[in-house]
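Asks: Have a look at this one.
The values are calculated or read from the model by the stated rules, or taken from the named source; none is laboratory data. Predicted model only: the values in this text are computed from it and were never measured. Note that we place each Cβ from the backbone using ideal geometry, even for glycine, and neighbour counts take in every protein chain shown. In case anyone asks, the SASA skips ligands and DNA or RNA and just uses the protein heavy atoms, side chains included. Shrake-Rupley method; radii C 1.70, N 1.55, O 1.52, S 1.80 Å.
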Amino acid sequence: MEIGRKVECANMHFLDLPEDIRVHSFSFCEDEDLLRLETVCKHMRDLVCSRRIWLPRLLHSEFEIPPRTASNVDISTLSASELKYLTISARRSQEAWSCPGAATISPTRYQEVDLPQTMYTGPTPKQIAQNLGLREPLPWVADASSPPRIDLVPVPMPIGNRHEYLVIRRPPHYIQVVEITSGMCIWESAVEDVPVIAFDVDSNRMESDNVFRLSTVSLARKGPSKICVVKIHTFTRGTAGGVGADESIIIRRFQASGAMSFGYIQAQLEGDHVVVSDPKLMWMINWRLGECIKLSPSSLCWGSMRIVEQHLVFIAFKLATKDFALKIMHLQEAFEGAEYTPSEENDIMAETTKNITDLPILSSEIEAFKNPASLTCFSATLGYCKQSFQRKDRGGSPIDDITFFVMSELEYRIVRRRERVLMLHQVRLENEFNSSNPGTSLLPSTETKNWTRVLRATQVGHSLKLKEQQLSAGSTYRCMSWSGRILLKSEDFYALSLQNFHTGSIDLPVVEVDGHSLKGQIVSMDPHTGAICCLAPKEITIRILYFGD
């Protein structure tokens, strides 16, 4: 009998082994090995495509930038196929964008969607000026000397780096929402909302059948005053599967600033809050309750504002001392402890004016200037990533930390030449269940959040001195995404990653599509997914470029 049992064990098939042993053996395989094993047979495919294999692999993999999921997505509840997609796409995405020594990089795939050919019937630039009580048309609406500006914002899906809809702002500043797969325009902004001076999309915290929300900011006139009109549009999925705008629209109004007539406006939307800013002022609005805080954050770095996990994050620059800091504030706390008069939709909101020192703002000073006296130009770009890992004290459910990245671009005038340097700093906002190191700032704990600690800003790797061919006449265009990708534009569009700062390499590949560079095209990068939208002048086809997804 003993001999028989030994022979039986010796001839045992791999599929007959206990499940724990099979799962453990797969932990020694690379992702590509598991994909090949899936093709062996049906039994092996069912065995490999298991949550027990892909959930630990996702949580414990050492990604430079982790996979992206919306805030309301619990990764512990995702299916095996979703976990596999997140794990593999994150690894391939990192490899596709970081190509040391490569002269060019190209997307692994792209989608094309045609601009809707619907006829615009809204007001002309001259009529817009008359409606606002202006003598001349707004220059940023009616500038015939430059190509028409088109802004492209893809709507990210809850999991990964894919998109289902595209929000387009077209001259003279009206909005269209397009379904990517069909190319159909499913929604267009109302005539009275033109010009839309700022807009943003939120698909991060959707409930029920809601797919995403769109905030539009428009200029209007009420009596002798110019006002800003904020509208929140909710897009829901119908019973037939299509998506359309809900008939209920939330409208909030506040007094417009002088800078808004020049188009210097940005807006961010997440959850119940929308933040509108010009170069000097911010309006933080709880759009559900009609509450508004007007804030003067000193000098705001243009384009650096973002809402991340209900935290308002922005970069403030002090011109006199030539230093800057990353500011972090929980929006719900900003509205606590004060009495507000909720506004009706047709009323102008009562603004509560506050100084930056009156609010629970955490500051992380960033030391970047090696020679302030010769500094002639400064700008900064903000990015972030959220890292999920296992919580040890609460049954193994995931918790998150947020790392903010600040890339500063500094130009120095040295004798008769100029020198442009890129520096990258990171600031970590820790969860209270993962606070092992002493930090510089603490957030009070509430029932609505667990974020408690902001660590000091530290430089990532080396400073990068740009080459002559990478310099343009003015400040370069740059955008940083969740996935750690940085799009740098001067004469061409260059691909920059965290790896460049770690190695100190400034040999940046040029981004190409089908052998052609993006030079001269209208280009934007989705800060949540890293996908690049581009549109060549006088063309009608938009391309959405994916790297590794």
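Asks: With the full set of protein chains in place, find how many percent of the accessible area of segment 38-148 is carbon and sulfur; take the probe as 1.4 Å.
Replies: On the way: 3220 of 6200 Å².
Carbon-and-sulfur percentage of accessible area, whole number: 52.
Asks: Now for a separate question. Residue separation times 0.36 nm, minus the C-alpha to C-alpha distance between residue 255 and residue 516: what's the value?
Replies: Working: separation 261, 0.36 × 261 = 93.96 nm, distance 4.63 nm.
Contour length minus Cα-Cα distance gives 89.3 nm.
Asks: Also, quick follow-up: Using alpha carbons only, how many angstrom separate the centre of segment 178-256 from the centre of segment 102-122?
Replies: Their Cα centres are 22 Å away from one another.
Asks: So who's got an amide H within less than 5 Å of the one on residue 104, skipping anything under 5 residues away but keeping other chains? H placed 1.01 Å off N, in plane.
Replies: The list, which skips near neighbours in sequence, is 510.
Asks: Pop out the ³J(HN,Hα) list for segment 169-175 in order, Karplus 6.51 cos²θ - 1.76 cosθ + 1.60 with θ = phi - 60°, rounded to Hz; leave Gly and Pro as x.
Replies: The phi angles translate into 10, 10, x, x, 6, 10, 10 Hz.
Asks: Then there's this: List the residues whose amide H sits under 5 Å from the amide H of residue 164, counting only those 5 or more places along or on another chain, with H placed 1.01 Å from N in the peptide plane.
Replies: Answer set, sorted by chain and number: 155, 157.
Asks: Using a probe of 1.4 angstrom, how much of the accessible area of segment 215-269 is carbon and sulfur, in percent? Walk me through the intermediate numbers first.
Replies: Working: 1190 of 2300 Å².
Carbon-and-sulfur percentage of accessible area, whole number: 52.
Asks: Given H placed on each backbone N at 1.01 Å, which residues far from residue 519 in sequence or on other chains put an amide H within less than 5 Å of it?
Replies: Those lying under 5 Å, H to H, from residue 519 are 493.
Asks: Sticking with this one: From the backbone phi of segment 512-528, what are the Karplus-calculated ³J(HN,Hα) couplings (6.51 cos²θ - 1.76 cosθ + 1.60, θ = phi - 60°) in whole Hz, Gly and Pro given as x?
Replies: The phi angles translate into 10, 10, 6, x, 10, 6, 8, 4, x, 9, 7, 10, 9, 10, 6, x, 8 Hz.
Asks: From Cα pairs below 8 angstrom and at least 6 apart in sequence, can you work out the relative contact order of segment 173-308, rounded to a whole percent?
Replies: Working: 268 pairs, mean separation 21.9, N = 136.
The normalised contact order for segment 173-308 reaches 16 percent.
Asks: Segment 38-136: which trypsin sites (Lys or Arg not before Pro) are DSSP loop and have at most 16 other beta-carbon atoms within 10 angstrom?
Replies: 135
Asks: With every protein chain left in place, what is the accessible area per residue of segment 99-256 in square angstrom, probe 1.4 Å? Walk me through the numbers before you get to the answer.
Replies: On the way: 7440 Å² over 158 residues.
Result: 47 Å² of accessible area for each residue.
Asks: Quick one: with all protein chains in place, what share of the accessible area of segment 503-549 is carbon or sulfur, to the nearest percent (1.4 Å probe)? Numbers along the way, then the final one.
Replies: On the way: 890 of 1770 Å².
Of the solvent-accessible surface of segment 503-549, carbon and sulfur hold 51 percent.
Asks: Moving on to the next point. Using θ = phi - 60° and the Karplus curve 6.51 cos²θ - 1.76 cosθ + 1.60, what whole-Hz ³J(HN,Hα) does each residue of segment 82-98 get, with Gly and Pro shown as x?
Replies: 5, 5, 5, 4, 4, 5, 6, 5, 5, 5, 5, 5, 5, 5, 5, 8, 9
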